[in-house]
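Working notes, structure below.
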There are 4 protein chains.
Amino acid sequence: MLRVSIVGASGYTGGELLRLVLDHPQLQVHQVTSRRYVGQYVYQIHPNLRKRTRLKFTTPEALEPVDVLFLALPHGEAQKNIERWAELATYIVDLSADFRLRDPAAYERWYGQPHAAPAWLSKFVYGLPELHRQDLRGARFISGVGCNATATILALWPALQAGLVDTQRPIIADIKVGSSEGGASPNPGSHHPERANVVRTYAPFGHRHTAEVMQELGLTDVHLTMTSVDMVRGAMATVHAWTHPGVTEKDLWRAYRQAVNENPFLRLVKERRGIYRVPDPKILAGSNYADLGFALDEAHGHLVAMAAIDNLMKGAAGSALQSLNVALGWEETLGLTFPGLHPI
Amino acid sequence: MLRVSIVGASGYTGGELLRLVLDHPQLQVHQVTSRRYVGQYVYQIHPNLRKRTRLKFTTPEALEPVDVLFLALPHGEAQKNIERWAELATYIVDLSADFRLRDPAAYERWYGQPHAAPAWLSKFVYGLPELHRQDLRGARFISGVGCNATATILALWPALQAGLVDTQRPIIADIKVGSSEGGASPNPGSHHPERANVVRTYAPFGHRHTAEVMQELGLTDVHLTMTSVDMVRGAMATVHAWTHPGVTEKDLWRAYRQAVNENPFLRLVKERRGIYRVPDPKILAGSNYADLGFALDEAHGHLVAMAAIDNLMKGAAGSALQSLNVALGWEETLGLTFPGLHPI
Amino acid sequence: MLRVSIVGASGYTGGELLRLVLDHPQLQVHQVTSRRYVGQYVYQIHPNLRKRTRLKFTTPEALEPVDVLFLALPHGEAQKNIERWAELATYIVDLSADFRLRDPAAYERWYGQPHAAPAWLSKFVYGLPELHRQDLRGARFISGVGCNATATILALWPALQAGLVDTQRPIIADIKVGSSEGGASPNPGSHHPERANVVRTYAPFGHRHTAEVMQELGLTDVHLTMTSVDMVRGAMATVHAWTHPGVTEKDLWRAYRQAVNENPFLRLVKERRGIYRVPDPKILAGSNYADLGFALDEAHGHLVAMAAIDNLMKGAAGSALQSLNVALGWEETLGLTFPGLHPI
Amino acid sequence: MLRVSIVGASGYTGGELLRLVLDHPQLQVHQVTSRRYVGQYVYQIHPNLRKRTRLKFTTPEALEPVDVLFLALPHGEAQKNIERWAELATYIVDLSADFRLRDPAAYERWYGQPHAAPAWLSKFVYGLPELHRQDLRGARFISGVGCNATATILALWPALQAGLVDTQRPIIADIKVGSSEGGASPNPGSHHPERANVVRTYAPFGHRHTAEVMQELGLTDVHLTMTSVDMVRGAMATVHAWTHPGVTEKDLWRAYRQAVNENPFLRLVKERRGIYRVPDPKILAGSNYADLGFALDEAHGHLVAMAAIDNLMKGAAGSALQSLNVALGWEETLGLTFPGLHPI
């Protein structure tokens, strides 16, 4: 049993991590921190954990050495004290955006300020096992992933890897997301009467996760458009790309089948009948699956690649734990087997 | 054309009033106030009114004399300056809870502090035309109604009026409400990820609207239980009462039919087939109708009386305008004819 | 007062039309038909119309001559009896897809069978006044519009008209829609436990409304991708296009401003602050407005054009009535002034 | 490992059972039946189980002997062939209403026809371990529970057991439910445009689960009122009862604390601050917890007892598996540890 602490555990990602760690057969929670809720039981903030744990939030200053430290702080915080975190634990998994990009210049361009610990960027592995399984084995420093980046990357990656996509033509990812992406802190637009029932294209372009997609897929001409819809959990990427001449649906079947066969948390959803013919985040709440799909308009070479995820799981806490499992040489699916619900 | 100003027009009730007044054939908006949004166009806050009006919010201090002044301020505010408001306009319609109760002692008991203008309480008429049509004719001071009170009162009133209910036995109103009841100011519980999908019995007893129900129906043993559900507009009262021995469903039919025949905004929904057999706030968004229904378990004398309303219309702005129409001797339905949508 | 009958009035579009006609100052409903619900009161199917009308559904065979006949039948039905309909009324407004396309070959290609009355195609005017106001004046035969086509067309049309878009590059419309688009007849996927909470890309390409977009905008390389989300009313088109080199945001401002200034039901929503900065179907339920917006990534020439509508109003019944108003030389907004609600 | 088959596995309760059994460490799925979907993969109907099982639906006739047979058939079906089922397996768990009531006369009264196997009624144990843990140990025949009955029973049971409730006065359970309660078969009212956004009191009195509440709590004057709200999973019972004179909130604290201490799946939710102060089905999707709460209006002796459950878990499949765990002498929580999600 390895000892684990979670910094910033009162947020949604931190809470999801805590739920997962509490059920993980090889991990034991040691401390959880939250400046705002110091001294309160975690179940007062995360009511699903009532009767599961009597842990209380502590301050970050009170952290003791552990085997694994998860950082679930607001963006920009982890990098300020990375030296200290690294002294506290053998393994660091940071779920913020601080260590996702390899290139300090790219970080500054997308996040609007220089990185506080640029030398550390190259030490972290981007925590998406589907792309970095080899790098993750034995890794000490793991970066979490952006949820919208993850959906976009996984939707397109099988086709790209198989060389089917014309990367000289622009790729557009139209992404629909739930309200939990905005985090646990209210803002005027998150007030229920204003946020319910929306279809709100809040970021037509320029979303920061674009940088991760560019880095991970090696693309330069890719565009993310973000639209909020009325759900709490879930991200659905509909990615529009153009295939090389002559590419057929059969080629794509082969590429996606291979991807899902080689990765325990990828599933291909492409049915000709029934209600669930395409990926849908609806059935993924609490699950670490990424459901992939595609459709090819052969007449035009228009590929619609799709990926549905739970943004707090495969898009955050789930991928982080999956990456840790890989790093530690454990079964990749350990503690991540909840399949999701139907109906819901 | 009478000139109208609205104080506190950036809130949900104020915004709804503004929408109604803009379409009213005999009223003309003069000024609207909002301390918070002074200088902004009203359509920036109430986006449905874009292209309808170029009005900007002004301060309350800038108010000029008008014919009708609607007060849509937070509870407790209108009473502090009632003398001033009364000087500004011939007709005052206050939509807060300040002038709903006739008895200063009741006000203090339910609102936790003495009334600031107790002498004014008797000057106001409770703005529910179904109960006070005669009093409203020619009235200068009209009080708005509580939305949950309105649903409860209208559900039960036909049966009570006909003498069918045993008022010696406790009456329980189990009320389901949408998030707009909480107003336009966010609170921790109104953050969409926390408020969506709830069935939250936030006030098991002691809700302030109980006082209005007691006053208007002359009841002493009546209990309101409030539960939030995942909708924005709408209030649905399911009222449990006990009939006198021998009361039949036929008696109730007579009582409810009479009520809906005598009141243009009451409808009876009691069908044996089809999808819409009972009242449902779903179809009332934007409408001033109160849909009534009832079911009688004759074996036990258990009456389930129902009323569905749009809390911002029949439960607030709609009843207020309807009352003003009556006060001015106009057609009661003037400017209130939007019937609601199906489906929605 | 002109006499109006509605064929197929038990469906969602027919019901919406009926609501509008009942409130229209110059129209009078004569008959409404529904084979399935013959003899039932219309309010039993459209519960919002209770207390508004005592009309009952009749059979199509019982139709008497009127001034205006609205056809709200399933696709393929109107064309079979167009001669008969034309004998019954001076003005025919068909809300199905039967008379939207000018080219019989295009009809056959997109609808999978030859048109039953190809000679009639050229007699109908496509009922979108924003594009066909001149043609509509005095027209006797008006075709309704496709809701998704309408959203796509209106989103892009101001930019196209101003010559700002490179039509040699592919245009992708990613459209999010509510469940009322599927009509009033249930199917396995419309069962609430299966349909709630979805983000379901049910038509990645090949949607029939594509043909209308091509015809109306003169485009050949345009692609509609349809995704169902958890709402009842509403369609939101996010259209990705590429501008000519040198096109600036200022050029687009000019183009969209002109469009909204010249058309009473178009509004431009592009704010830098507040909650409602972009178009959102949330606030359009029951309204005939189309809210337009745009964003330009100048570095890449990536234009994200947006349009939000109520699919049953501006996307169906509303545009139809607006077109009739134009045809008859009446005020274009007559009977269409409900602005929508906030919040909702 | 015991071998398990599930009859009627394409429904919502059957699918939930299958999910649970697949993850249960001591159970192994052998066969699942569905007449309608014979030959199809179970994941085509229950898409959450994709990649979890390659099982296909078979016919009931093809069933082979197993250790445990779960029956998830429509009401009325299990009783017809109970002899055959009993020959197929050592343990029978029937999730329908067929074997819930002990008294054949009560069955006939509430279900409208005589029971087909009345002699079997006394062999079954009502599968609610909180009330029947002793009887369940070693039991071969276990009856599932009604979801609304379960919520009502658990809400009130701690107070009743402690003798705090005046059972001579009527008890009213006002229950709010999601759409999955209606099962997987569509009906006109379950069409999404009609079912979304409802607050529909579809059963003011006379709901069949009333019989279970009467039997299990020994009550005669208890009334269930059912209201559908816009959610898929979840049942929330708000139960209005009257305490004996002198009963205090402290007495109730003691009673509810004892109940939750003695039962692993009961939790008491009664907080003075935070967002989650009362039970809410929102956070229980997929969980077997029943969250209990209460409020006492001491001035009137009005007790508002509350229970929130996931109707498909604690209200059906979860309680069934929990009961089997008890019958087999296993840890009661085996395979039932998913805690639910926050936020959701």
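The values are calculated or read from the model by the stated rules, or taken from the named source; none is laboratory data. Fair warning: this is a prediction, and the values are worked out from it, not measured in the lab. Don't worry about glycine lacking a Cβ; one is built from the backbone with ideal geometry, like all the others, and counts go over all protein chains shown. Heads up: the accessible areas ignore ligands, DNA and RNA and are worked out on the full protein's heavy atoms, side chains in. Shrake-Rupley method; radii C 1.70, N 1.55, O 1.52, S 1.80 Å.
For region B:2-123, a crude dipole built from +1 on the beta carbon of Lys and Arg and -1 on the beta carbon of Asp and Glu, taken about the Cα centre, is about 500 debye to the nearest 20. Helix D:12-23 and the longest principal axis of the C-alpha atoms of chain D enclose an angle of approximately 80°. Per the accessible-area calculation with a 1.4 Å probe, the total area buried between chain A and chain C rounds to 3800 Å². Dimensions of region C:74-155 from C-alpha coordinates, computed as largest minus smallest value along each principal axis and given longest first, are 34, 31, 20 Å. In summary, the lysines within cross-link reach of D:LYS282, defined as a Cα separation below 25 angstrom excluding same-chain residues under 8 places away, comprise A:LYS51, A:LYS56, A:LYS176, A:LYS282, A:LYS314, B:LYS176, B:LYS282, C:LYS282, D:LYS176, D:LYS270, D:LYS314. If a/c stays under 1.5 just call it rounded; otherwise compare a/b with b/c (prolate if a/b is bigger, oblate if not). Do that for chain D, with a ≥ b ≥ c from the square roots of the Cα gyration tensor eigenvalues. The shape class here is prolate.
Across identical copies of the chain, A:ALA162 has label-point separations of 4.2, 6.3, 7.0 nm, listed in ascending order, with the point defined 7 angstrom from Cα along Cα→Cβ. Charges at C-beta only: +1 for Lys and Arg, -1 for Asp and Glu. How large is the resulting dipole of region C:261-339 about its Cα centre, in Debye rounded to 20? The calculated dipole for region C:261-339 is roughly 240 debye.
Cα-based values for the protein assembly as shown, radius of gyration first and Dmax second, are 31.2, 88 Å. Plainly put, region B:147-310 has a radius of gyration that is 0.98 times its Kirkwood radius, both from alpha-carbon atoms, as the Rg/Rh ratio. Considering only region D:2-123, what is the antiparallel percent among its DSSP beta bridges, to the nearest 5? Counting DSSP beta bridges with both partners in region D:2-123, the antiparallel share is about 5 percent. Panel note: contact residues of region B:1-42 (accessible area lowered by at least 50 Å² against the chain on its own; 1.4 Å probe) correspond to B:TYR12. Could you point to the residue in C:MET226, C:LEU20, C:LEU328 farthest towards the positive end of chain C's charge dipole, with +1 and -1 charges on the Cβ of Lys/Arg and Asp/Glu respectively? Value: C:LEU20.
Run lengths n ≥ 4 of DSSP H only: what is the helix-derived mean residue ellipticity at 222 nm for the protein assembly as shown, with -39500 (n - 2.57) per run over all residues, to the nearest 500?
The helix contribution divided over the protein assembly as shown gives -7500 deg cm²/dmol.
Considering only beta bridges that DSSP places wholly inside the protein assembly as shown, some 45 percent are antiparallel.
Tell me, what % of the accessible area of region A:21-138 is carbon and sulfur with a 1.4 angstrom probe?
The computed percentage sits at 47.
Each of B:GLN44, B:TYR107, B:THR33 was scored by the projection of its Cα onto the charge dipole of region B:2-123, and the greatest displacement toward the positive side belongs to B:GLN44; charges sit on the C-beta of Lys, Arg, Asp and Glu.
Sorting the Cα pairs of region D:1-133 by distance into bins of 5 Å, from 0 upward, gives 2, 11, 20, 22, 19, 14, 8, 4, 1, 0 percent per bin. Rounded to the nearest 10 degrees, the angle from helix B:147-161 to the longest Cα principal axis of chain B is 40 degrees.
Here is how far apart the B:ARG84 label points are across copies: 5.0, 7.0, 8.2 nm, shortest first, using a point 7 Å from Cα toward Cβ.
Overall, the protein assembly as shown carries a charge dipole of about 0 debye about its Cα centre when +1 sits on the Cβ of Lys and Arg and -1 on the Cβ of Asp and Glu, all other atoms neutral. Here D:LYS123 is the anchor, and the aspartates and glutamates within straight C-alpha reach of less than 17 Å, apart from those fewer than 8 places off in the same chain, are D:GLU83, D:GLU87, D:ASP94, D:ASP98, D:ASP103, D:ASP135, D:GLU212, D:GLU216. For region D:181-259, the fraction of 1.4 Å probe accessible surface lying on carbon and sulfur atoms is 51 percent. Based on C-alpha pairs under 8 angstrom that are at least 6 apart in sequence, chain B has a relative contact order of 17 percent. Positive contributions from Lys and Arg (+1) and negative ones from Asp and Glu (-1), summed over other residues with Cβ under 12 Å from the Cβ of D:HIS207, come out at -3. Label points for A:TRP253 are taken 7 Å from Cα along Cα→Cβ. From this copy to the others they lie 5.3, 6.3, 6.7 nm apart, shortest first. Please give the residues of region C:1-25, grouped as numeric ranges, whose backbone N is less than 16 Å from a label point set 7 Å along the Cα-to-Cβ vector of C:ALA62. Zone members listed by number: C:5-10. With all protein chains kept in place, the per residue accessible area of the protein assembly as shown amounts to 32 square angstrom at a probe of 1.4 angstrom.
Contact-buried residues of region C:253-295, at a threshold of 40 Å² lost accessible area versus the chain by itself: C:ARG267, C:GLU271, C:ARG273, C:ILE275, C:TYR276, C:VAL278, C:ASP280, C:LYS282, C:TYR289 (1.4 Å probe; DNA, RNA and ligands ignored).
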